[in-house]
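What follows is one structure encoded as structure tokens, with my remarks underneath.
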Amino acid sequence: MTSRAYLSELFSLDGRVALVTGGSSGIGRAVAGALARAGASVVVVARREAELTDTVDELTAAGCRAAWVSGDLGSRDGVRAAAEAAAAVFGEPDILVNSAGINLRPPMGELTDEVWDTTMAVNLEAPFLLGRRFGPGMAERGFGRIIHISSQQAHRAFVQSGAYGVSKGGLESLARSQAEAWSPYGVTCNTLVPGFVMTPLNARLASDPEKVAALAARTLTGRNGLAEDFAGAAVFLASGASGYVTGQSVFVDGGLSVH
């Protein structure tokens with residue numbers, strides 16, 4: 001067997017269907033692109049149609065099979081509608097990536113009910129609802145991959161973690177609960193944990209050069225992350241190569257978490 005054939009057998013996503021929330025920008029867009037280029041048919045779910053169109057046009061121009069669904073993941077009805085619309089495009093997904101997130105971080109003493117509810121709805125409840133919708137079908141078919149995008153704030157409190165950190169801690173617990181339920185049937189459930197990544201979600205911090213430099217200095221690589229740093233890890237976790245990896249938090253952070 002040639003090396004190309006071996007790697008294709010190990011990591012190819014040919015014939016798989018992936019649903020990526022938040023896939024029109026930042027880490028989600030990089031992950032959607034990586035999965036599509038590895039062979040999956042990808043449905044990108046997000047709110048803004050212009051960014052969705054741009055993402056899918058880029059992928060189709062590269063010869064990938066991709067489509068988009070505009071949806072609001074901030075309500076249960078919105079999540080359900082987006083899930084059904086996405087499943088109607090290429091069929092039931094084999095791979096679910098929950099990258100959509102909201103990053104509202106007022107000081108804890110100023111955290112309102114509205115900010116709390118909105119954060120939990122998008123960052124934690126939507127991944128739960130989507131997992132509940134698609135996880136049992138994956139288990140019935142004998143193959144599935146659920147990948148959540150978490151945060152350092154799931155493990156440590158800094159830069160006003162607030163409700164955001166709570167939601168991401170819950171997300172990693174959700175992955176373990178999903179793994180317990182469905183991994184005996186071929187469905188792995190894991191989280192990718194970024195460091196500080198230069199994405200629109202981190203615009204507030206990115207506007208402060210001193211904080212950006214301080215965060216880079218905390219890594220072992222000497223730089224902050226880029227969205228494309230997640231491509232390889234995402235393809236691994238989505239492929240057959242990761243069949244014995246489940247319930248894990250995989251840090252893609254340049255060593256920030258151990259420095």
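The values are calculated or read from the model by the stated rules, or taken from the named source; none is laboratory data. Predicted, not measured: the structure shown is a model, and the values here were computed from it. Glycine gets a Cβ as well: all are built from the backbone with ideal geometry, and neighbour counts include every protein chain shown. Side chains are part of the model used for accessible areas, which takes the heavy atoms of the whole protein and leaves out ligands, DNA and RNA. Shrake-Rupley method; radii C 1.70, N 1.55, O 1.52, S 1.80 Å.
On the given criteria, is Val193 closer than 28 Å to Gln160 by Cα, open to solvent by 30 Å² or more (accessible area, probe 1.4 Å), in contact (Cβ under 8 Å) with a residue 60 or more places away in the chain and out of contact with any His (no Cβ under 7 Å at 6 or more places or on another chain)? Reasoning before the result, please.
On the way: closer than 28 Å to Gln160 by Cα: yes; open to solvent by 30 Å² or more (accessible area, probe 1.4 Å): no; in contact (Cβ under 8 Å) with a residue 60 or more places away in the chain: yes; out of contact with any His (no Cβ under 7 Å at 6 or more places or on another chain): yes.
Taking the combined requirement at face value, the residue does not satisfy it.
Restricting the first member to the stretch 207-219 and to residues that are in a helix (DSSP H, G or I), and the second to residues that are open to solvent by 80 Å² or more (accessible area, probe 1.4 Å), the beta-carbon pairs closer than 6 Å and six or more apart or on different chains are Ala216/Arg223. Close Cβ contacts (under 7 Å, 6 or more residues apart or on different chains) running from residues in the stretch 245-258 that are in contact (Cβ under 8 Å) with a residue 40 or more places away in the chain and part of a helix (DSSP H, G or I) to residues that are basic (Lys, Arg) and surrounded by 16 or more Cβ atoms within 10 Å (Cβ to Cβ) comprise Leu256/Arg218. Of the numbered criteria (1) modelled with pLDDT under 95; (2) of a type outside the set (Asp, Glu); (3) surrounded by 18 or more Cβ atoms within 10 Å (Cβ to Cβ), the one Leu130 fails is (1). Scanning the stretch 196-228 for residues that are of a type in the set (S, T, N, Q) and at pLDDT below 90, which turns out farthest from Val159 (Cα to Cα)? Among those residues, the one meeting the criterion is Thr199.
Against the criterion of being open to solvent by 50 Å² or more (accessible area, probe 1.4 Å) and farther than 30 Å from Ala217 by Cβ, Arg156 does not qualify.
Considering only residues in the stretch 27-50 that are touching a helix residue (DSSP H, G or I) at 6+ places or on another chain (Cβ under 8 Å) and farther than 17 Å from Asp14 by Cα, the one that is most open to solvent (accessible area, probe 1.4 Å) turns out to be Arg29.
When Ala67, Ala61 are screened for being over 21 Å from Phe128 (Cβ atoms), open to solvent by 50 Å² or more (accessible area, probe 1.4 Å) and of a type outside the set (Asp, Glu), only Ala61 passes.
Looking only at residues of the stretch 51-80 that are in contact with a Ser or Thr (Cβ under 9 Å, 6 or more places away or on another chain) and of a type in the set (Gly, Ala, Ser), we find that the one that is farthest from Pro93 (Cα to Cα) is Gly74.
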